[in-house]
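The values are calculated or read from the model by the stated rules, or taken from the named source; none is laboratory data. A quick note: this is a predicted structure, and the numbers were derived from the prediction, not measured. Glycine gets a Cβ as well: all are built from the backbone with ideal geometry, and neighbour counts include every protein chain shown. For the accessible areas, the whole protein counts, side chains as well, though only heavy atoms, and no ligand, DNA or RNA atoms are used. Shrake-Rupley method; radii C 1.70, N 1.55, O 1.52, S 1.80 Å.
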Amino acid sequence: MPLSPPAPRTARHARRVIYQGFEREDGLWDLEGELHDSKMHDAPALRGGGIRRAGEPIHHMWLRVTVNRVLVVQAIEASMDTHPLRECPQARAALQTMVGCTMGRGWRQAIQKNLGGVASCTHLRELLFNLATAAFQTLPAAFASADADEPPRHLGQCTGWDFNGAGVKEYFPQFYGRATPGGAPALPPTPATTEAQ
């Protein structure tokens with residue numbers, strides 16, 4: 001369903017981000033991200049001077065992170081086809097500090113610790129942050145708890161998976177009405193939720 005009709009406006013910027021997950025024949029998993037930024041109008045190019053035409057990329061970058069079945073990073077690489085400054089590709093070297101990190105709880109903190117500030121690249125960090133979501137979609141079993149009494153980690157993290165919601169009641173009834181994983185009690189069902197059930 002599309003959004004409501006917008007007010008009169010002019011397109012200025014486009015960002016496309018694509019994530020993909022792959023199961024490898026050697027038992028490892030590749031998670032890849034691609035980021036493409038462009039302006040919708042001609043603009044001066046920072047590097048090399050001249051004009052960057054509408055639709056030509058400002059940033060065009062790829063990232064591949066190889067993980068094992070428990071989401072520990074085994075290898076990481078990035079490619080920068082297009083970048084605004086000559087020094088940008090130097091940011092790729094710091095990515096190797098992420099080898100050995102786990103793409104689970106603490107993932108964002110590990111990225112900030114290893115790649116924060118001028119250590120790396122804002123756009124590569126952004127790709128890495130959300131790569132964990134692609135990992136969850138690619139190998140959900142890696143996020144499952146070994147303890148059958150512990151709810152899956154995605155429960156209690158959004159409206160659809162509210163512990164008092166219809167989704168949990170239908171698909172994970174054993175956890176329906178439970179306290180959230182952080183220990184806070186689950187909120188009582190709202191009238192709308194109760195009616196939907």
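Applying the condition of being under 14 Å from the mean Cα position of the chain (by Cα) and among the aliphatic types (A, V, I, L, M) to the range 23-40 and asking which residue is nearest to C121 (Cα to Cα) yields L35.
Of the numbered criteria (1) assigned to a loop (DSSP other than H, G, I, E, B); (2) more than 30 Å from F143 (Cβ to Cβ); (3) out of contact with any Asp or Glu (no Cβ under 6 Å at 6 or more places or on another chain); (4) modelled with pLDDT under 90, the one A54 fails is (3).
Put simply, of G160, G156 the only residue that is outside any helix (DSSP H, G or I) and either open to solvent by 30 Å² or more (accessible area, probe 1.4 Å) or β-branched (V, I, T) (or both) is G156.
Being among the small types (G, A, S), surrounded by 14 or more Cβ atoms within 10 Å (Cβ to Cβ) and free of Cβ contacts under 8 Å to residues at least 60 places away in the same chain: is that true of G106 here? The answer is no for G106.
For the range 129-141, filtered to residues that are touching a Lys or Arg at 6+ places or on another chain (Cβ under 9 Å) and open to solvent by less than 30 Å² (accessible area, probe 1.4 Å), the residue that is farthest from M61 (Cα to Cα) is L139. Is there any pair with a first residue in the range 11-37 that is outside any strand (DSSP E or B) and a second that is modelled with pLDDT under 95 whose Cβ atoms are under 6 Å apart and which are 6 or more apart or on different chains, and what are they? Listed by first residue and then by second, the contacts come to A11/M40; R12/M40. Residues in the range 69-111 that are assigned to a helix (DSSP H, G or I) and closer than 27 Å to L46 by Cα were compared, and the one that is modelled with the lowest pLDDT is P89. Annotation: of all residues in the range 62-79 being out of contact with any Asp or Glu (no Cβ under 8 Å at 6 or more places or on another chain) and under 21 Å from D37 (Cβ atoms), the one that is surrounded by the most Cβ atoms within 10 Å (Cβ to Cβ) is A78. A single entry from P57, P89 fulfils the requirement of being free of Cβ contacts under 8 Å to residues at least 60 places away in the same chain and loosely packed, with under 15 Cβ neighbours inside 10 Å: P89.
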